[in-house]
Structures are given as C-alpha cells and as structure tokens.
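Bear in mind these aren't lab numbers, they're just calculated from the coordinates by the rules spelled out. Because the structure is a prediction, the values reported are computed rather than measured. Counting neighbours? That spans all protein chains shown, and the Cβs are built from the backbone with ideal geometry, glycine included.
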C-alpha cells in the first residue's frame with residue numbers, strides 16, 4: 001500500500017512540472033500532504049503513540065491544511081498573478097522531471113541493501129531534485145518557496161525510511177521542517193510582498209558585482 | 001558547563017530582546033562577554049571530558065572557541081560605536097544585540113558539539129541569528145540579502161540533514177545508532193561505502209554555504225555586504241569556521257575509510273574552483289566590502305587545499321583558519337570607519353584615506369599586507385606550509401594554477417586598496433567629514449599583531465592543540 005502511495009507521490013511531481021497556475025501548485029502540495037499522512041500512518045504503526053501523533057499532526061494539519069491555506073492567503077493578499085511563469089517550456093520541464101525520476105530509479109537499483117525500501121529512496125531523491133529544478137526554473141519568489149516545500153516533502157519521506165529505528169532523528173527533521181517553513185513563509189514572503197510590489201526574482205537583482 | 005552556558009546565554013539574549021533601555025542593554029552585553037570568557041577558560045581547563053553526552057571540548061573546538069571569544073570583544077565594542085553614530089530606535093538595537101549574543105553562543109556550542117545532529121541544530125541557529133543581523137537596516141536591499149541568505153542556507157541545511165539520514169542508514173547496518181563523532185570515528189572502517197559516499201556529498205555541499213566554497217558560497221557574499229560592519233566581521237570569520245568544523249569532523253571519519261582519496265578529490269575541486277571564482281570577482285568588484293568577502297572565499301579555498309593535500313597541510317589549514325579569522329574581522333571593523341568617512345563602499349567614491357584618517361589608513365595597509373599573506377603576516381607561514389604540502393603530495397599543476405590565481409588576487413586587492421589609500425576621489429567634498437578617533441583602531445592593531453605573533457612564534461600550547469586536532473587524520 002505504501003508503495004502505491006509513494007508512486008502516486010512521484011507522479012504528482014511530474015504533474016507539478018507542467019502545472020501552469022499557482023493554485024495548482026498549492027493543491028498538489030496539499031495532496032502530497034495527504035499522501036505523506038497515509039504513508040506515515042501505515043509505516044509507523046508500531047511507533048509509540050506520542051511520536052506518531054506528532055508526525056500525523058505535522059502531515060495532516062500542517063502540510064495539508066495550514067501551509068496551503070497560508071500560500072493561498074499570500075497569493076491573494078499580495079495580488080500575485082496566477083501563472084507560475086517558468087523560464088523554460090512545459091515540455092522541457094516534463095522531460096527533465098521524468099529523467100530525474102528515471103535516473104533515481106536506476107541509481108536505486110545499484111543499492112544492495114536489505115534495510116532500505118527502494119521506493120522510498122526513489123520518491124525522496126526525485127522530490128529533492130524536482131524541488132531544486134523548480135527553484136531554478138521558475139520566476140516567482142513564491143514558486144521558489146513551493147520548490148523548497150517539495151524538497152522538504154522529499155526529506156520527510158527519507159526520514160520515514162530510517163525513522164523506525166531512530167525516532168529522535170525523525171523528530172528533529174520534522175521540527176526543522178515546521179520551523180523553516182514558518183520562517184520562510186510567515187515572515188519573509190509577507191514582508192517581501194509588502195515592500196516589493198510584484199513579487200518575482202527580477203526584483204532581487206540589486207545585489208551583484 | 002555547556003548546558004549552564006546555553007541557559008545563561010539564552011536568558012541574556014531574551015532579556016536583551018525585551019529590555020530596550022540603553023544602559024541595561026550594555027550591561028547585559030558586558031555580562032555576556034564576561035560569561036563567554038569564563039566559559040572559554042573553563043572549557044580550556046577541562047579538555048576532552050564529555051559534557052552532558054553531546055558536548056566534547058576537544059582541541060579543534062577549544063582553538064575556535066578561544067578565537068571567537070577574542071573576536072567577540074572588539075565586535076561588541078564596534079557595535080557600540082556603530083550605535084553611537086547611527087541614531088537607531090531601541091527596538092532595533094535590542095534586536096541586534098540579542099541576535100549577536102545568539103550567534104556567538106550558537107557558534108561556540110557548534111564548535112564544541114560531539115554529535116552530528118547537535119552540530120546541525122546549532123548551525124541552524126546561526127542562520128537565524130545571522131539573518132536578523134543582516135536585516136538590521138530594514139530596507140529593500142537588506143531584505144534582498146536576508147532573503148537570499150535564508151533561502152540558500154535553508155536549502156543547504158536540508159542537504160546536511162539528508163546527509164545525516166544517509167549516514168544513519170550506514171550506521172544502522174552496523175547495528176548501533178550512536179551518532180557521536182567519537183563513536184563514528186571508531187566504527188568508520190566498518191560503515192558501508194555507498195551510503196558514506198552519498199552522506200559526504202550531501203554534508204559537504206550543505207556546509208559549503210557556511211564555509212563559503214563553491215557551490216553554495218553566493219548568499220554569504222551578499223550577507224557580509226549588507227550586515228553592519230561589526231556583524232559582517234563575525235559573518236566573515238567565525239561563522240565561516242563553523243562550516244569548516246562541520247566539514248572537518250566528517251572528513252575525519254571519511255579519512256579512516258577507503259573513500260579518503262575520493263573525498264580529497266572532491267575537496268580539491270571545490271577549493272580550486274572557489275579560488276578561481278574569488279579571483280574573477282576580485283578583479284571585477286567595485287564594492288570594498290564585497291571585495292573583502294571574496295577574499296574570505298579565497299582563503300577558505302586555501303584552507304581546504306591544505307586539508308586535501310594532507311601531511312603538514314592539516315596543521316597549516318587549522319593555523320590558517322584561525323589567523324584568517326583575526327585578519328578578516330580586523331578589516332571588517334575598519335570598513336565601518338571607511339564608510340563613516342566617505343559614506344560609500346564603492347571604490348569610485350573613496351580615496352586619499354591617508355589624509356582623512358591616518359590611523360585607519362595604517363590599519364587598512366597592515367590589513368592588506370596580512371590578508372594577502374605577505375611577511376611578516378602569520379598567514380604567510382600557513383600559506384607557505386600549505387603550498388609545501390601540495391608540492392609534497394604531487395599536486396604540482398594545482399599548485400602552479402593556484403599560485404597564478406593568488407598573484408592576480410594580490411594585484412586586484414592591491415589596486416583597490418591603493419586607490420582607497422592614495423588616489424583622491426573625484427568630486428569628493430571633504431568639508432564636513434567626520435573625524436575618527438585613533439583609539440577606535442586599537443583593536444584592529446591588536447588583531448593584526450596577534451596574527452604576526454601567532455604565525456611566527458606560535459605559543460607551544462597552540463601548537464600542541466593544533467597537533468592534537470589533526471591527530472586522527474592519516475599522514
């Protein structure tokens with residue numbers, strides 16, 4: 001079952017590469033939150049209830065509800081235009097993200113490890129590189145944040161893969177996740193939105209040599 | 001004493017934040033400095049005793065802890081000068097001092113931490129406090145600098161976390177979940193090569209944002225430029241050291257395995273590219289503060305060359321990183337005075353500094369000699385040793401290429417510094433420029449003097465500490 005969820009997660013990354021509107025990005029992020037909830041619910045069944053509750057709280061309340069709502073609020077509050085405005089055509093993005101998934105899949109086949117479920121490895125690394133790709137090719141600051149959130153989802157999956165034996169590490173990762181997301185979103189996107197009228201990276205070209 | 005120190009420092013930071021009274025602020029800062037020194041001396045006298053499971057004052061930690069405690073004193077003094085010259089609202093001032101206290105204690109504890117995840121947590125704290133310092137002036141440009149810094153550092157800190165996760169997979173296979181550096185060092189040869197390799201790539205890439213190497217160096221440059229000079233001094237010296245600590249401690253583990261020469265190659269590529277990029281920008285850059293920041297990139301590249309070359313290079317690298325902290329912080333403290341005289345950082349607007357501020361100009365000249373590693377600067381000794389180690393390790397082409405780049409850097413650095421010192425600026429009106437008191441430069445002279453002294457005649461305690469810090473590395 002977790003395999004199915006993780007494969008759907010990888011597919012959502014491919015959809016992310018061709019999504020055109022900011023709101024579709026937000027919806028995909030919310031959907032990924034639900035997927036992560038499912039994975040952690042099934043995978044971490046035998047964990048102690050407190051830890052499990054904490055993880056489930058993060059995925060369902062934070063990743064699925066709070067962050068998407070906040071992103072929606074930021075989009076409306078700052079009157080950000082609806083298109084994601086990538087620098088490259090969607091077709092190329094599609095090819096690149098598919099290549100990322102395929103390459104991580106091939107890489108995972110070289111691992112001879114009984115402990116690690118390879119599907120986790122593929123989903124996590126694809127999310128990481130897709131997030132970096134989105135940051136590199138999209139114009140808006142908000143899409144950069146969304147790319148970062150995709151990376152965070154990847155890290156979450158990876159920490160689930162090792163989390164059964166090391167709950168402390170998993171909790172640290174989640175705390176980091178909560179913390180940085182709140183910081184990045186809460187303080188800065190709003191602040192930048194208040195100071196700079198149109199929030200895209202062209203406004204951030206003043207510091208250079 | 002680490003946990004009492006942590007609690008005390010947090011308490012001081014919180015009371016600084018909520019207490020906007022000027023006298024209260026400065027007395028709290030004085031208490032913190034005293035506390036920092038008591039802590040440093042205590043840890044120096046209790047070396048190699050594990051404290052609270054997660055902290056171990058080993059040789060490297062002690063060396064860098066003493067460095068930060070020395071630099072913290074002038075940093076707070078110059079911050080005081082900064083606030084007497086810039087009328088600022090009490091809220092911003094309180095925020096500034098609170099962040100600086102957080103930055104210093106987070107760095108101190110990151111140096112001493114013995115657990116890979118604990119180091120990581122304190123490095124994360126340095127990102128937060130440093131961004132508050134960068135955002136101090138609260139305008140569009142500082143906002144841009146802060147945003148870039150937070151964003152790049154967040155991604156790189158995530159990279160480090162991924163590296164730690166990979167490392168933990170390797171550790172689980174051996175059957176013990178202990179992630180302290182000491183235990184990892186003992187079990188290093190038994191760990192799985194594949195996971196270690198992935199872990200090293202991610203951890204190295206992540207920490208390059210702090211140490212200032214290719215590929216993640218970019219954000220640090222803007223940060224040092226936009227932060228107030230005393231904060232910039234911390235950012236370009238002790239904050240870079242924390243990246244070094246992160247990389248070095250993991251490199252010690254890698255060095256015990258068959259991946260050693262592979263890791264050396266990675267470090268070598270990153271270091272040479274960093275020096276190359278520093279050279280390119282040093283030629284092009286028109287902003288003196290940014291030029292100092294690029295010079296830091298160059299020095300970190302040299303340090304990593306020493307690590308990759310091995311042999312005497314290990315010793316020299318640690319000597320170099322300590323001396324570089326003193327030189328660069330001295331130059332940044334002086335930058336504050338240059339800005340007060342000319343009200344600009346651009347090379348086109350400054351000039352004839354000898355006429356306006358004789359003492360300050362002497363500092364700049366001495367700083368130039370120290371930073372470009374000309375004798376009698378201590379950096380000359382360490383750079384010479386690093387080049388010798390490169391020669392001995394048969395990296396001849398790397399050595400020639402780096403020496404060539406360093407020559408260009410000295411030329412570019414000198415061109416700008418001599419323009420600042422001697423050539424009058426076009427259209428500069430010197431009627432009502434501020435007279436800067438000579439005693440404001442004393443701390444810079446002491447720092448540069450320390451560099452000469454420690455380089456040429458290092459006290460035997462320091463030599464022993466450095467030798468102990470590198471004792472785990474194979475020759």
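Values for this structure:
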read-out: Cut-off 16 Å, label 7 Å out along Cα→Cβ of residue A:72, residues of segment A:144-161 by amide N; value: none
read-out: Cβ-Cβ FRET estimate between residue A:113 and residue B:426, R0 fixed at 60 Å, reported to 0.05; value: 0.35
read-out: Helix axis angle, B:396-421 relative to chain B longest principal axis, alpha carbon, degrees; value: 20
read-out: Helix axis angle, B:358-371 relative to chain B longest principal axis, alpha carbon, degrees; value: 20
read-out: Average other protein chain Cβ within 10 Å of Cβ, residues B:154-161; value: 6
read-out: Gain on full stretching of the segment that runs from residue B:453 to residue B:384 - 0.36 nm per residue minus C-alpha separation; value: 23.2 nm
read-out: Packing-based order for B:318-328, B:121-131, using average beta carbon neighbours within 10 Å, highest first; value: B:318-328, B:121-131
read-out: Hull volume in cubic angstrom per residue (convex hull over the Cα atoms of segment B:1-258); value: 106
read-out: Ordering of A:2-12, B:68-78 by packing [mean C-beta count within 10 Å, highest first]; value: B:68-78, A:2-12
read-out: Order of B:26, B:453, B:149 under a 10 Å beta carbon neighbour criterion, fewest first; value: B:453, B:26, B:149
read-out: Proxy reagent accessibility, fewest Cβ within 10 Å first, across B:85, B:289; value: B:85, B:289
read-out: FRET E, pair residue A:42, residue B:182, Förster distance 51 Å, beta-carbon r, rounded to 0.05; value: 0.85
read-out: Neighbour-count order for B:237, B:344, fewest beta carbons within 10 angstrom listed first; value: B:344, B:237
read-out: Alpha carbon convex hull of the protein assembly as shown, projected area averaged over orientations, nm²; value: 28.7
read-out: Where labels lie 7 Å past Cα in the beta-carbon direction, separation of residue B:48 and residue B:201 in nm; value: 3.7
read-out: Within chain A, helix-based [θ] at 222 nm, where runs of 4 or more DSSP H residues each add -39,500 (n - 2.57), nearest 500; value: -22500 deg cm²/dmol
read-out: Rounded to 10°, Cα long-axis angle of helix B:140-174 versus longest principal axis of chain B; value: 10
read-out: Chain B: calculated mean residue ellipticity at 222 nm from DSSP helix runs of at least 4, using -39500 (n - 2.57); value: -26000 deg cm²/dmol
